[in-house]
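Colleague: Before I ask anything, let me first share the structure, which is written out below as structure tokens.
The values are calculated or read from the model by the stated rules, or taken from the named source; none is laboratory data. The shown structure was predicted, so the numbers you read here are calculated from the model rather than taken from an experiment. Reconstructed Cβ throughout: ideal geometry from the backbone, glycine too, with neighbour counts over all protein chains shown.
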Amino acid sequence: MVNRVVVGAHYGSRSWLGQRVTAAAMAIYTLVFAIALLAAHPSGYAAWRTLFAQGWMKFATLLFAVCLAYHAWIGVRDIFMDYVKPAFVRVICHAVAVLLLVGYAGWAIQILWRA
């Protein structure tokens with residue numbers, strides 16, 4: 001008989017919860033955005049700019065971008081951990097993914113708050 005000793009239970013539960021929370025936040029944003037879109041009917045650049053000029057919309061969109069980046073990080077990290085076996089290659093993949101996701105989140109901030 002094999003006696004399994006589980007050390008540090010709850011491995012992965014933080015990632016699981018993180019993905020569920022970010023998915024819920026993104027779903028709520030999608031609904032709020034759809035309602036705002038239906039109410040505003042933006043047809044040109046000026047209308048879109050007015051929609052996103054509101055502070056609550058900027059905050060909600062930024063929160064969406066951060067949630068998306070974290071959600072993507074968890075998924076990509078797990079894929080790399082499962083399928084990329086050489087440790088050096090996995091670390092390189094992780095580093096590239098982190099740099100890209102942070103860059104994308106920074107780009108979203110720049111788009112939302114540029115003058």
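Colleague: For Ala53, only one of the following conditions fails: (1) modelled with pLDDT under 95; (2) surrounded by 12 or more Cβ atoms within 10 Å (Cβ to Cβ). What is its number?
Modeller: Going through the list (1) modelled with pLDDT under 95; (2) surrounded by 12 or more Cβ atoms within 10 Å (Cβ to Cβ), Ala53 breaks only (2).
Colleague: Which pairs do you get when a residue that is of a type in the set (Lys, Arg), found in region 82-106, comes within reach of a residue that is surrounded by 11 or more Cβ atoms within 10 Å (Cβ to Cβ), reach meaning Cβ atoms under 9 angstrom, with the pair 6+ apart or on two chains?
Modeller: Filtered contacts from region 82-106: Arg90/Phe80; Arg90/Met81; Arg90/Val84.
Colleague: Now a separate question. Within region 75-103, restricting attention to residues that are charged (D, E, K, R) and either at pLDDT 95 or above or surrounded by 11 or more Cβ atoms within 10 Å (Cβ to Cβ) (or both), which residue is nearest to Ser13 (Cα to Cα)?
Modeller: Here the residue is Asp78.
Colleague: Any residue at all in region 66-75 that is touching a Gly at 6+ places or on another chain (Cβ under 6 Å) and free of Cβ contacts under 8 Å to residues at least 60 places away in the same chain?
Modeller: yes
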